[in-house]
1. Quick one: is residue D:240 within 10 Å of chain C (Cβ to nearest Cβ), open to solvent by less than 20 Å² (accessible area, probe 1.4 Å) and aromatic (Phe, Trp, Tyr)?
2. Could you list, in sequence order, the residues of the range A:68-84 that are surrounded by 15 or more Cβ atoms within 10 Å (Cβ to Cβ) and of a type in the set (Gly, Ala, Ser)?
3. Please work out if residue A:47 is in contact with a Pro (Cβ under 7 Å, 6 or more places away or on another chain) and over 21 Å from residue A:139 (Cα atoms).
4. Being open to solvent by less than 10 Å² (accessible area, probe 1.4 Å) and farther than 17 Å from residue C:253 by Cβ narrows it down to one residue among C:318, C:340, C:344; which is it?
5. Given the condition within 11 Å of another protein chain (Cβ to nearest Cβ), of a type in the set (A, V, I, L, M, F, W, C) and open to solvent by 10 Å² or more (accessible area, probe 1.4 Å), answer yes or no: does some residue in the range B:297-307 qualify?
6. Does residue A:270 count as surrounded by 24 or more Cβ atoms within 10 Å (Cβ to Cβ) and among the β-branched types (Val, Ile, Thr)?
7. Does the range B:248-261 hold any residues that are assigned to a loop (DSSP other than H, G, I, E, B), within 18 Å of the chain's Cα centre (by Cα) and in contact (Cβ under 8 Å) with a residue 60 or more places away in the chain, and which are they?
8. Of the residues C:147, C:126, C:134, only one is surrounded by fewer than 24 Cβ atoms within 10 Å (Cβ to Cβ), of a type in the set (D, E, K, R) and assigned to a loop (DSSP other than H, G, I, E, B); which?
Protein chains: 4
Amino acid sequence: MIRAAIIGASGYSGEELVRLLLGHPKVALVAVTSRQKAGLALSRVFPRFAGLAAARGIRFLQSEPGGVLAALGADRKRAVVFLALPHGVAAEWAVPLVEAGVRVIDLSADFRLRSAVAYKEFYGHEHPAPALLEKAVYGLPELRGAEVRRARLVASPGCYPTSILVPLVPLLRAGLLKPDGLVIASLSGVSGAGRKVEETGLFCECHESMRAYGVPKHRHLSEIEQELTLAARRKVVVQFTPHLIPVNRGILTSIVAVPAKPVAKTAALIEASWARAYARSPFIRRLGADALPDTKNVVGTNFVEIACRVDPRTGRALIFSAEDNLTKGAAGQAVQSMNLMFGLPETEGLL
Amino acid sequence: MIRAAIIGASGYSGEELVRLLLGHPKVALVAVTSRQKAGLALSRVFPRFAGLAAARGIRFLQSEPGGVLAALGADRKRAVVFLALPHGVAAEWAVPLVEAGVRVIDLSADFRLRSAVAYKEFYGHEHPAPALLEKAVYGLPELRGAEVRRARLVASPGCYPTSILVPLVPLLRAGLLKPDGLVIASLSGVSGAGRKVEETGLFCECHESMRAYGVPKHRHLSEIEQELTLAARRKVVVQFTPHLIPVNRGILTSIVAVPAKPVAKTAALIEASWARAYARSPFIRRLGADALPDTKNVVGTNFVEIACRVDPRTGRALIFSAEDNLTKGAAGQAVQSMNLMFGLPETEGLL
Amino acid sequence: MIRAAIIGASGYSGEELVRLLLGHPKVALVAVTSRQKAGLALSRVFPRFAGLAAARGIRFLQSEPGGVLAALGADRKRAVVFLALPHGVAAEWAVPLVEAGVRVIDLSADFRLRSAVAYKEFYGHEHPAPALLEKAVYGLPELRGAEVRRARLVASPGCYPTSILVPLVPLLRAGLLKPDGLVIASLSGVSGAGRKVEETGLFCECHESMRAYGVPKHRHLSEIEQELTLAARRKVVVQFTPHLIPVNRGILTSIVAVPAKPVAKTAALIEASWARAYARSPFIRRLGADALPDTKNVVGTNFVEIACRVDPRTGRALIFSAEDNLTKGAAGQAVQSMNLMFGLPETEGLL
Amino acid sequence: MIRAAIIGASGYSGEELVRLLLGHPKVALVAVTSRQKAGLALSRVFPRFAGLAAARGIRFLQSEPGGVLAALGADRKRAVVFLALPHGVAAEWAVPLVEAGVRVIDLSADFRLRSAVAYKEFYGHEHPAPALLEKAVYGLPELRGAEVRRARLVASPGCYPTSILVPLVPLLRAGLLKPDGLVIASLSGVSGAGRKVEETGLFCECHESMRAYGVPKHRHLSEIEQELTLAARRKVVVQFTPHLIPVNRGILTSIVAVPAKPVAKTAALIEASWARAYARSPFIRRLGADALPDTKNVVGTNFVEIACRVDPRTGRALIFSAEDNLTKGAAGQAVQSMNLMFGLPETEGLL
């Protein structure tokens, strides 16, 4: 059994990690921490886990590395820590844990950017642990599976980036789309904003409301453009507009792109490219001509639905994806990376 | 008092028309029709209107022009008929009503296109009354107020077109945006699909769901492009992606456009253009730099919120709007046109 | 014109008061206060009011009686102050305002109970202004219209009490129901909890959730039982269970009662009693045998829907009501009382 | 492996059965039928199952017993058929299947009542297979586990009855509550009405709506009272009011009862009774004094949350439960019975 700890387990991503790890057949969840909930039983904070055998006896610990390492036990090779913390704080945690030899999967943004300069530009403070940046692997298993397998420190991608990179990266790698002029509209459920207690997150402020936010420079742009640039092998700058929608969970992304190949062949080329890239990716659901992605078909799962259409009137490609922001967009993806890091089947505990 | 009738009053747009006309101080609602509800009291079909004095005694009539004309009475100059019918059927109704001398406001698509050829392309059948096309005025009061005042037949714009034309037309007229490359993402509440009894409209199929639909060639494209082409004085083809969102009412539209003037000046030029164009438009709410449009601030009203941002990283303009699809996007706009046609203040019964 | 002020206008009831007063043809809203929003324009805090002529120039004032009285002007007979404040604070405001001779309508619980002892039992602190208790009128216009007309200080009833008292009081007065054994289940939308920024009010904590709360001794019980006791002319104790439901607005109440008259005649007797009691009450919508109350038919209005059924299997009467908790349950009812206090038609500004 | 078929798999209960059986480690789902969807791939009708290995190759069959028996194969002892059909139709299917020797679990009401007379009273037609009534076991595993283990035909309880019987039956058996005067209010998500395509089920008719329905004589009353009567060993008649609430899934039930023992001891007696009755019931979550049931903590699971409070003012016991109407209230409970019938751990495939 892998022994696992979650640091910062009281938020929505942390709670989803708890759910997945309690149900994972090869994992023992041995520690969860939270500054606010320290001392409370897991089943008190999250009544939905009461009655699960794996949850019995688990209490929130103080957030402190020594106690967590003690709980993980002596066999560091079978230990993993998930960091579900705000950026900045996560990096501080990562240092002693990586040194101690446990594997670390960070759900924050702290190790997603290769450049400490870009980090400062988008996150507004110096990177707390720049020396670790080159050790970190951007953990999108569908695109970096081999690296994830060998990683000691995984930077698990953000929810918006996952919904954008999964459909686009193979197409840019294959030169099917022009890297200029990408226009992306994403719609996110409210859990994407986390469990922050702010007026804008109140039920009556969100229900029966639709709004764009975070334009023109959302923080996730930095990792989106970093990865698209790597895929296209030239600088990519995208137009990205996130919207807040009154559902609990889910991201729907709509992308408009200019084909690099003859328009009439573009749909077939895209489908073929995806088929090749994701032939062995159990969580990628290609919808073909049957349907367009719908978040209700992926909520609670680690799947991403993708589909494309070509508009003969404009000559553009329309690319769509849907995912659960807390599962494939956060906790599920982190568990998927864990499976690879420990040599387990990629889908273990996720289907 | 204006005497008014609503043909096809049992759908969502028809119901919203009933609400507005019952509360309008200068209108007597004298007839509502519905094939399905004929014979039933208005307050039985719509319990929310029970107890309103103006609703007392109103029953649904059979949908038949003779009875409606009789109910409107002899003074045809003070009579108006709203058509809240499917396309095709509306045009058939319009012919005898226009001939009879009553004013007609059509909420369907039948008289929105100037070209019967384009109509056939997008709606799949011959136009039922092509001779009336040139008499009809595309009734967006903010953009065609003078024509609406003189009109006998108003084609009231669709919900998506209104949310797109209000922010864009002044900017294209003023040459502030390039007419090529417009990318539009619109999000609509479920009432936009009407009261059709279909599985896709069931609560559990929509709640906790987000999805794109109607790509790549939504019917509303025809009127959107017709009006944008007139504004730009050259052919405009847009990329338009509608999405279905689990709210009852509201449309949020996000537009990406390429500025035609220096980027650094674009935001100020756009604000100035809107300020000029809408200086006397009581329902246009310019948000400036304070906030982005949010449907919850316009639901139940005839307002449109608009705002722009310029993205210095991409050099593009981002344009947003929010409206209630049933009010400004349908019934409210129709009443606004009626006010103009009868020489009333534009806001009468709408504030 | 009546000159009106709202103290504590930044909550949901306060916002609804603003909406109603801005649209009221006989009222000039001259002051709104809020500790948190002092200095901000009304249209900045509530973008939905931007563009309304009546809202122009209104800024939130500091919450301080002197400034409010100054804004109301010299003619105290044409001035009214609405208190949309927490209990305890409201009573402190009422004292100088009543002394100054302006009419006061308090939406808090401070003047609803006739007994300062009961107040302390349910609200946990001494009543701040017991001398005013006997001056206050419990402002349910349908039941106390004559007193409200003469009142200088109206205690506007709570949302749950209104939904319970409107159907029950006439029946208890008429002796149609036994006063013992009343079992009441009420369902409330989330706005009933106010704009408090707490974790339990976050969108994701409420959406897709149903739960009872506040049992067995909700604070509103005190005024419910006080008024039912007066109606029955003997002590009434009820079983009351409130539930939180993921809608923005609305209360649905289901009551089980034991008929005091022969069961076979009870339905007709109840309908006749309501017909008599509410013959001149424009906001009471009796549904008879046609339908059961549905909050969607009253949301945004000042109406209360009521209906009864008799269960021949159990011999009990089932009584239902629906209202908007922010309108008839708070702000609308307060405006209705204001209309009576100033000799206006009861429905002015409310239909 | 158990070979399983689902008859009528295109409704919400059927879909939930598909979800559970596809994930069940000891079951091979070999046939699903639907008159409307016959011929279509399972993953086409339910895109959310696309990509699951267990779903590959499954197509909807015509609803016809011969084909289903053929698909189940020769070993009838390892075969089970779930009937997710309307009442009346289910009984007709049960006859040949039971004769053929396969185990049958019926999710309809057809075998829940012991009396064909009561069936006709509540369902309006003669029972189609009265001879099978005495073979059927009312499959509430927590209360009839031993019988379920031996059963060949299980009548799986309805959603409302489960939420009522789980908390009440042990208390009536133990004589802690008076069997008279039970008042029950239940709140159900919209999926409880099934996937019927009717106007009342449309998104805009349900969202922002709360309403009671089905009073005073809901069909589920028949099985509720049958089972409560058995528990109390005397005739029990209850007051039951169901309400429709805009959530997808979940039932919340609030019960008011008169204690049969001293009020001051009732809470402790109830807790002790539940502790005894459910000591070995893995899906019963007793909340004690910590919290009240909340549907969001049980949605998607087979758990039932229960809690009680005693109201010292009225002397009554308040009893609450929450469950997922499609899981514990339908498909999950059926799978739980299947586990018992085949000697598997009760929680197999359900945790």
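1. Details: within 10 Å of chain C (Cβ to nearest Cβ): yes; open to solvent by less than 20 Å² (accessible area, probe 1.4 Å): yes; aromatic (Phe, Trp, Tyr): yes.
The answer is yes for residue D:240.
2. Scanning the range A:68-84 gives A:71, A:79, A:84.
3. The answer is no for residue A:47.
4. On the way: C:318 fails: farther than 17 Å from residue C:253 by Cβ; C:344 fails: open to solvent by less than 10 Å² (accessible area, probe 1.4 Å).
None of the other options fit; the residue is C:340.
5. First, pick out the residues of the range B:297-307 that are within 11 Å of another protein chain (Cβ to nearest Cβ): B:297-305, B:307.
Add one more test, that the residue is of a type in the set (A, V, I, L, M, F, W, C), and what stays is B:298-299, B:303-304, B:307.
Restricting the remaining residues to those that are open to solvent by 10 Å² or more (accessible area, probe 1.4 Å) gives B:299.
Looking through the range B:297-307, at least one residue is within 11 Å of another protein chain (Cβ to nearest Cβ), of a type in the set (A, V, I, L, M, F, W, C) and open to solvent by 10 Å² or more (accessible area, probe 1.4 Å).
6. yes
7. B:249, B:250
8. When all the criteria are applied, what remains is C:126.
The values are calculated or read from the model by the stated rules, or taken from the named source; none is laboratory data. Values in this document were obtained by computation on a predicted structure and should not be read as measured data. Don't worry about glycine lacking a Cβ; one is built from the backbone with ideal geometry, like all the others, and counts go over all protein chains shown. When the accessible area is computed, the model is the full protein with side chains, heavy atoms only, and any ligands, DNA or RNA have been set aside. Shrake-Rupley method; radii C 1.70, N 1.55, O 1.52, S 1.80 Å.
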